[in-house]
Amino acid sequence: MTVVADLVREKQIIVCCGAGGVGKTTTSAALAVAGARSGRRVLVLTVDPSRRLAQTLGVKRNSDEPIRLSAVREREVGIEAPGGLSAWMLDPKLVSDRAVRKLASSPEEADRLLRNPVYGQVTQMIAGMQEYTAMEALHGFVERGDYDLVVLDTPPSRNALNFLEAPGRLAEFLDGRIFQLFLPRREGVLLGTTRKLVGLVLGGVFGRQFYSDLTTFFGSFSGLFSILNGNARRMSERLRSDDVAFLLVTSPVREAMVDAFWFDDRIRQLGLPLGGFVLNRSVAGNAERRQPDASLLPADPSPHHHAALEKLLRLSEKERRRVDQDRDLLDALRDRAGDRVPVLAIPEIGDGVDDLPGLAGLAGHLLNGA
Amino acid sequence: MCVTGSTGPVLAKLCGTVKHLPDEAVASCRVCQTVLPGVGPFTRVLGVLSFQASGIPRVVAWLTGGVAEVDLTSRRVVLMTGKGGVGRTTLSAALAKAAAREGRRVLVAEVGEPSELEQSSLAELFGLPRFETTPSHLAERIDGVMLDSERGTELFLASVLKLKALARLAVRTKPLLRLLHAAPSFHEMGIFYHLLSLLEARDGDGAHRHDLVIFDMPATGHSLALTRLPKILLRLVPVGPMADALRAGQAILNDPAKGVACVVTLPEALPVTEALELLEGLRDSDLAVGAVVANCVPGNPFSDEERAALADLLGDGPLLGSTELERIDRADASLERLRENVKAPLLALDERPEQGPDLVEALSRQLAEVAP
């Protein structure tokens, strides 16, 4: 049993962070499988799954509700009732549309808001919305209480930290003083002057029509934003509680490790609970493997056999160097983790990691160790 | 050496000097004799020969000297894209060095996200902790810059607002700037404008200050947000100074002769899947793809006969070296998938033992090597 096994059995929220390309999305899915295997109802919120993984999980873009894995598939990855696995792909537009419908004072009001031209475009500007909607979706699903565990895959790479800071950044955006500049009928000498300047600048930069759309947008959405902002703030607080764990996913590449260490610092600064490090694709465990030698040759070897052996030897030397390198990286990670949190090394699984057997295998590694 | 794919010579990797046939102005691969049209005398070809659907071979060589379809360094701007960890930054630096050796004045650029200020790997490769928001000298004919949203916004406001006093006042008005930077796409707009202003910067004699800007873009999600920005914003703001700036950017980025994306990936299943998805995403942004680069391709040392013989040696249980063997197989399969699905020129770069600045140097030599 690994410490990750304890996390997926006990926590209510697990957030996976890490640089892009370290297998974070796949790890999130495998953690969800592991949680469901221990009898829990699990939801995995993925941000940007590969098409293969999306197919494996049976999720589609624009689906209203999380999709439960079919019973056959669940059995295939070792999930038995009461455990269950559902997945949902974060769609920023869907999340914000839903929030608007839920929070608007009437269906007519919601329709009016959703038709605003600025609103229509804002949700397309995915870079900014993704982090915020991740938070909003997480809030929605945790509040509903349909799941024992929600695993959140954070937006890829550099964005991932914006996700942690989304409430702060959004709060700044929604800061009352900024808003007031756009809201009609608020006076005061200073405010009036600043607003005139803002009007001049924005009108000049964007053109009058857009400035007027923008003003209407802020006017209509200010109430909604403050509710959404409240949700995000509460969620940000919620992420500091005991039943939450952040997992730092990395791979044995120097850049990914640098990122992981950096995340570790940020998580500490933000006072978030770190659950551990997961080192993917590590060949550190191959050290014990048998070195190829002449005894592998068949009784009557051909020249091709000799050539093949010689080249295989060269490959094994190359692998030895990688093993040494990976062990150093694993040691560095362990030094860093100290006795604060565990480090779990997952061997390279190769192709098909996004297929059902691959996910089941990865879940097994996460639960039982390599 | 010429490595042929499992289904015949569909994927030929040429790592040697191409034989020159003086009178016919064509060359052929020294090993498999495939004729390479359009390759000039003494061109050293390091690249992948891909065959189009018509069966006509298309030479894909990494430029300098010879006539080749992959020609990144003669553009005005190359956007380096790809998931994290695929070597995008290293390749950006190597391409810069290669282009500088050709005599091009190069500017390498990366984004300085507020959350990322502590690390700047492109700058590190040039031995600096990080770049400034104005170009600084890195090496002969190479400058480096950090693209910064606030800087871009300031430049933009200054260019738009005719009254200098108003511009200065606007730039100093904290609530206004905070508003601009907190709103989702204005952040990208600032970076976009900063890039545009650097592309348009000219010397006293009227020539562009930098012939080529190589932009090491942030990882996929943000890259797409940036490349789609003009299209999305123009729908929202069809007229006015911002629209003019966006169109000026489009005039460079949407002209394949001036601006291209270069998609970097690794020869593994998942990265290739992600690269194919990125290529699909890029299609929406009207940005031409100049090259798809498979980085760190492990060499396959085995001939077909040796590979067959190898099966007799690998009996029970994995050996030290089995993982490397699996990697080679996955790389072959990945290149095959790229070849089948990518219309843009494809380039495979060998895995190399070097790291950091040494790797940049080695790759740039490989990219720019021309036989005497």
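Checked against (1) within 11 Å of chain A (Cβ to nearest Cβ); (2) under 17 Å from B:Asp284 (Cα atoms), B:Pro256 passes all but a single condition, namely (1).
Just the residues that are in a loop (DSSP other than H, G, I, E, B), modelled with pLDDT under 90 and of a type outside the set (D, E, K, R), please, taken from the stretch B:99-122. Matches in the stretch B:99-122: B:Gly112, B:Leu117, B:Gln119, B:Ser120. Look at (1) crowded, with 21+ Cβ neighbours inside 10 Å; (2) outside any helix (DSSP H, G or I) and you find that A:Ala308 fails only one, number (2).
Residues are listed down the side, and each one gets a yes or a no for (1) under 25 Å from B:Pro301 (Cα atoms); (2) in contact (Cβ under 8 Å) with a residue 40 or more places away in the chain:
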| position | (1), (2) |
| --- | --- |
| A:Asp265 | no, no |
| A:Gly276 | no, yes |
| A:Glu288 | yes, no |
| A:His305 | yes, no |
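Screening the stretch B:314-327 for residues that are crowded, with 19+ Cβ neighbours inside 10 Å and touching a Gly at 6+ places or on another chain (Cβ under 9 Å) and picking the one that is farthest from the other protein chains (Cβ to nearest Cβ) gives B:Arg327.
Being among the charged types (D, E, K, R), touching a residue at least 12 places away in the same chain (Cβ under 8 Å) and part of a helix (DSSP H, G or I) holds for only one residue in A:Arg233, A:Arg281, and it is A:Arg233.
Conditions tested, residue by residue: (1) in contact (Cβ under 8 Å) with a residue 40 or more places away in the chain; (2) within 10 Å of chain A (Cβ to nearest Cβ); (3) surrounded by fewer than 16 Cβ atoms within 10 Å (Cβ to Cβ); (4) β-branched (Val, Ile, Thr).
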residue	(1), (2), (3), (4)
B:Arg202	no, no, yes, no
B:Arg228	yes, yes, no, no
B:Ile252	yes, no, no, yes
B:Val260	yes, no, no, yes
B:Ala275	yes, no, no, no
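For the stretch B:72-98, a residue qualifies if it is more than 23 Å from B:Gly249 (Cα to Cα) and of a type in the set (A, V, I, L, M), and the qualifying residues are B:Val86, B:Leu91, B:Ala93, B:Ala94, B:Ala98.
Restricting to the stretch A:257-316, count the residues that are more than 40 Å from the chain's Cα centre (by Cα) and not basic (Lys, Arg). Counting residues in the stretch A:257-316 that are more than 40 Å from the chain's Cα centre (by Cα) and not basic (Lys, Arg) gives 20.
Determine whether A:Val77 is at pLDDT below 90 and either among the acidic types (Asp, Glu) or surrounded by 22 or more Cβ atoms within 10 Å (Cβ to Cβ) (or both). Against the criterion (at pLDDT below 90 and either among the acidic types (Asp, Glu) or surrounded by 22 or more Cβ atoms within 10 Å (Cβ to Cβ) (or both)), A:Val77 does not qualify. Which condition does A:Ala287 not pass, out of (1) among the small types (Gly, Ala, Ser); (2) within 9 Å of chain B (Cβ to nearest Cβ); (3) crowded, with 18+ Cβ neighbours inside 10 Å, if it passes all the others? Of everything listed in (1) among the small types (Gly, Ala, Ser); (2) within 9 Å of chain B (Cβ to nearest Cβ); (3) crowded, with 18+ Cβ neighbours inside 10 Å, A:Ala287 misses just condition (3). Among the residues of the stretch A:38-70, the ones that are touching a Pro at 6+ places or on another chain (Cβ under 6 Å) and within 14 Å of chain B (Cβ to nearest Cβ) come to 2 in all. The numbered conditions (1) over 19 Å from the mean Cα position of the chain (by Cα); (2) modelled with pLDDT under 90; (3) within 30 Å of A:Phe221 (Cβ to Cβ) are all true for A:Pro107 except (2). In the stretch A:1-16, the residues that are surrounded by fewer than 18 Cβ atoms within 10 Å (Cβ to Cβ) reach residues that are assigned to a helix (DSSP H, G or I) and aliphatic (A, V, I, L, M) with C-beta atoms within less than 8 angstrom, at least six apart or across chains, in these pairs: A:Met1/A:Leu367; A:Gln12/A:Val142. Can you confirm whether B:Glu336 is surrounded by fewer than 17 Cβ atoms within 10 Å (Cβ to Cβ) and either within 7 Å of chain A (Cβ to nearest Cβ) or at pLDDT 90 or above (or both)? When the stated conditions are applied, B:Glu336 does not pass them.
When each of B:Pro271, B:Pro267 is tested for being modelled with pLDDT of 85 or more and either part of a helix (DSSP H, G or I) or in contact with an Asp or Glu (Cβ under 6 Å, 6 or more places away or on another chain) (or both), the lone residue that passes is B:Pro271.
The values are calculated or read from the model by the stated rules, or taken from the named source; none is laboratory data. Keep in mind it's a predicted model, so treat the numbers as computed, not measured. Using ideal geometry, Cβ is built from the backbone for each residue, glycine included, and neighbour counts are taken over all protein chains shown.
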